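> Sharing a structure with you now.
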Amino acid sequence: MTNETDFQEKKPAYYILDNCTRCGRCAQKCPLHALVPRQGHYRIDLRFCDGCGICYDICPIGAVEKGSGPEQST
């Protein structure tokens, strides 16, 4: 039996690079509103992100990366 914690650890992780221009496309398209403005660019709140990858696909400058990036839930 898989519990919620196990599922969260296995979902894809995304993070936003410092070259984010804060255009807001990712935040507008995120169905869970997991992207929040912070310090001149957006951050992904990992408590809400389900790993769908919409932010990764829609970013026009490639400022969203897939993998284990810096912690961004704050």
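The values are calculated or read from the model by the stated rules, or taken from the named source; none is laboratory data. Everything numeric in this text was worked out from a predicted model, so none of it was measured. Please note: Cβ atoms are built from the backbone with ideal geometry, for glycine as well, and neighbour counts cover all protein chains shown.
> Return yes or no: is residue 15 under 9 Å from the mean Cα position of the chain (by Cα), modelled with pLDDT of 95 or more and among the aromatic types (Phe, Trp, Tyr)?
no
> On to the next question. Any idea which residue in segment 19-42 is surrounded by the fewest Cβ atoms within 10 Å (Cβ to Cβ), counting only those that are touching a Cys at 6+ places or on another chain (Cβ under 9 Å) and among the charged types (D, E, K, R)?
Among those residues, the one meeting the criterion is 29.
> How many of the residues making up segment 39-61 are outside any helix (DSSP H, G or I), in contact (Cβ under 8 Å) with a residue 24 or more places away in the chain and not hydroxyl-bearing (Ser, Thr, Tyr)?
Of the residues in that region, 13 qualify.
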